[in-house]
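Trainee: Quick one: this structure, given as C-alpha cells, is what I'll be asking you about.
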Amino acid sequence: MSVPASRFPLLLRRSILGAAAVLVPFAAGAAPSLPEVSLPEVRLGVLAFGTVQWVASVIRSRGLDRAHGFTLSTQALANNDGAKVALLGGAVDIIVSDWLFVGAERARGLGLRFAPFSSATGAVVPGRGSDVRSLKDLARRRLGVAGGPDDKSWLIVRAAAQRRDGIDLAHAANIVYAAPPLLSAKLAQGGLDAVLTYWNFAAALEVEGFRPLVTVSACAEALGLPAHPPLLGYVFKDAWAERNGPLIGSFLAASAAAEDLLLRSESAWEGIRPLMHAPDERLFSALKKGFRAGIVHESPAAEAAAADRLFAILHGLGGAAATGGLKALPDGVFWTAPS
C-alpha cells in the first residue's frame, strides 16, 4: 500500500512518543535476587471483538509496557456502551471510542481526550445473492448496524446516502443495532438483507463468499473526506493524564511500538493468532492486511482538521441530531503531547 507524502511519518510519531519512555536504572553489581521495581499500572478496557486487544497482547508479551515504564492490564468489556460506563466510572483508565463521544462529554464539562488508534474502516455487506446494488436499494430492507446509532462509520454511510441518493437510511431502512458477531450470523442465516460492520468482520464475511457493497472509506471520499478518516482512538480523562504525568505518552509510545512490530514482524502475528479467530489462512492474511492498512496516521493537526470537516458535513445534513446534540466540536478533543 502506498502512503501519501502528506501522511505523518509513523516512525517520527513513534520517536516523539518514545521520548516519554521511563528508563529504570540499577546499580552495577546488584544482586539478581533484588525485587522487581514497582511500576504504575495502566488499565485498558477491551472488547472481545475489538482489535485493540491484539495490540495489548503484543505490548505485554514483548514487554513493551515495562520498557516504557508501566505495566498494562486489560479488562474485558461487553460492548461500546459498557466501555464508556467503565471509563466514566473509573473502572479503567483508557478505552477505544470515537471523538464525537469525547466532544459531547467535553461539552458537558467532563474533560476527555482522544488519541487516534486506527484508521481502518468497515463496509456495507449485502447477503448472498442479494439484488442490493447501491445504498438507495437498502430502503425498506433489514440493515444491521454495528456500533449503535452514533457510530462514526454509520454516520458517514448515512451522510453519503443522503448526499448521493437523497435518502436517510436511518428512516428509510429497517435498522437493527447489534454486536458484529451477531450481525454476521444473522446475515449468513438470511435474517438481514445487509450489514454495516467493522472492517475485520467485513473481511471475514468476504472470505466466506460475501461481496461488499461499499466501504466506509469510499463513502468518506464521496463526502470530500480523507479515505482513512480518524474514527477510533484511545480515550482517557484529562484528570488521569494530569495526575500521572508522562504516563499517557508512555502508553501511546508502547502502542506505537506494538503497531510497528505488527507491520514488520510475522512472528508477532503468530503470537496473537488465537485472539483473531482466524484458523483459515485466507482470513488470517486478510486480517493482517486490513490491520496494517489502518495503522497509517496523519499528524494530530491533520486528523483534528479531518474530524472538523466530518463534523460540519454531518451537522449540515442532519443538524445536531447527527452530531450528538453538538453545534460545534469543543476545543481540546484531540490530545497533543506537551511541548
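The values are calculated or read from the model by the stated rules, or taken from the named source; none is laboratory data. Quick caveat: nothing in here was measured; it's all calculated off a predicted structure. Cβ atoms come from the backbone with ideal geometry, glycine included; neighbour counts cover every protein chain shown.
Trainee: Go over the candidates 183, 196 one by one and state the one that is farther than 17 Å from residue 133 by Cα, assigned by TED's automatic domain parsing to the domain that holds residue 134 and either among the hydroxyl-bearing types (Ser, Thr, Tyr) or buried (at least 23 other Cβ atoms within 10 Å of the Cβ) (or both). Spell out the reasoning first.
Mentor: Values: 196 fails: farther than 17 Å from residue 133 by Cα.
The conditions single out 183.
Trainee: If you check every pair at least six apart or on different chains, which have Cβ atoms under 9 Å apart with a residue in the stretch 313-336 that is closer than 17 Å to residue 153 by Cα first and a residue that is polar (S, T, N, Q) second?
Mentor: 314/323; 315/323; 317/162; 318/162
Trainee: Looking at 209, 144 in this structure, which one is within 25 Å of residue 291 (Cα to Cα), assigned to a loop (DSSP other than H, G, I, E, B) and not assigned by TED's automatic domain parsing to the domain that holds residue 291?
Mentor: Values: 144 fails: assigned to a loop (DSSP other than H, G, I, E, B).
Only one candidate passes the filter, namely 209.
Trainee: Within the stretch 102-119, is there a residue that is of a type in the set (Asp, Glu) and either assigned to a strand (DSSP E or B) or touching a residue at least 60 places away in the same chain (Cβ under 8 Å) (or both)? Outline the logic, then answer.
Mentor: First, the residues of the stretch 102-119 that are of a type in the set (Asp, Glu): 105.
Filter once more, so that each one left must be either assigned to a strand (DSSP E or B) or touching a residue at least 60 places away in the same chain (Cβ under 8 Å) (or both): none.
No, that holds for no residue.
Trainee: When the residues of the stretch 285-338 are narrowed to those that are of a type in the set (D, E, K, R) and out of contact with any Pro (no Cβ under 8 Å at 6 or more places or on another chain), which ends up nearest to residue 238 (Cα to Cα)? Let's see the steps before the verdict.
Mentor: Here is the first cut: in the stretch 285-338, the residues of a type in the set (D, E, K, R) are 288-289, 292, 298, 303, 308-309, 327, 331.
Now narrow it down to the ones that are out of contact with any Pro (no Cβ under 8 Å at 6 or more places or on another chain): 288-289, 292, 308-309, 327, 331.
Working: 288: 33, 289: 34, 292: 29, 308: 21, 309: 24, 327: 23, 331: 13 Å.
Ranking the qualifying residues of the stretch 285-338, first place goes to 331.
Trainee: Related question: If residue 268 satisfies every condition in (1) in contact with a strand residue (DSSP E or B) (Cβ under 9 Å, 6 or more places away or on another chain); (2) part of a helix (DSSP H, G or I) but one, which is the exception?
Mentor: Every listed condition holds for residue 268 apart from (1).
Trainee: If I go through the stretch 83-128 residue by residue, how many of them are under 14 Å from residue 324 (Cα atoms) and among the aromatic types (Phe, Trp, Tyr)?
Mentor: Count: 2.
Trainee: Suppose we filter 241, 253 for residues that are at pLDDT below 95 and part of a helix (DSSP H, G or I); which single one remains? Break it down stepwise before answering.
Mentor: Details: 253 fails: at pLDDT below 95.
The unique qualifying residue is 241.
Trainee: Just to check your reading of the model, which residue among 202, 218 is part of a helix (DSSP H, G or I) and in contact (Cβ under 8 Å) with a residue 60 or more places away in the chain? Explain how you work it out, then say what you get.
Mentor: Values: 218 fails: in contact (Cβ under 8 Å) with a residue 60 or more places away in the chain.
Residue meeting the stated conditions: 202.
Trainee: Regarding the stretch 226-233, can at least one residue be identified that is in a helix (DSSP H, G or I) and of a type in the set (A, V, I, L, M)? Can you show your working first?
Mentor: Our first condition is that a residue be in a helix (DSSP H, G or I); within the stretch 226-233, this holds for none.
Looking for residues that are in a helix (DSSP H, G or I) and of a type in the set (A, V, I, L, M), one finds none in the stretch 226-233, hence no.
Trainee: Within the stretch 151-163, is there a residue that is assigned to a loop (DSSP other than H, G, I, E, B), in contact with a helix residue (DSSP H, G or I) (Cβ under 9 Å, 6 or more places away or on another chain), under 30 Å from residue 301 (Cβ atoms) and not basic (Lys, Arg)?
Mentor: At the first step, the residues of the stretch 151-163 found to be assigned to a loop (DSSP other than H, G, I, E, B) are 151.
Within this subset, residues satisfying the condition of being in contact with a helix residue (DSSP H, G or I) (Cβ under 9 Å, 6 or more places away or on another chain) are 151.
Next cut, under 30 Å from residue 301 (Cβ atoms) only: 151.
Right, trim to not basic (Lys, Arg) and you get 151.
Checked against the condition, which is being assigned to a loop (DSSP other than H, G, I, E, B), in contact with a helix residue (DSSP H, G or I) (Cβ under 9 Å, 6 or more places away or on another chain), under 30 Å from residue 301 (Cβ atoms) and not basic (Lys, Arg), the stretch 151-163 yields at least one hit.
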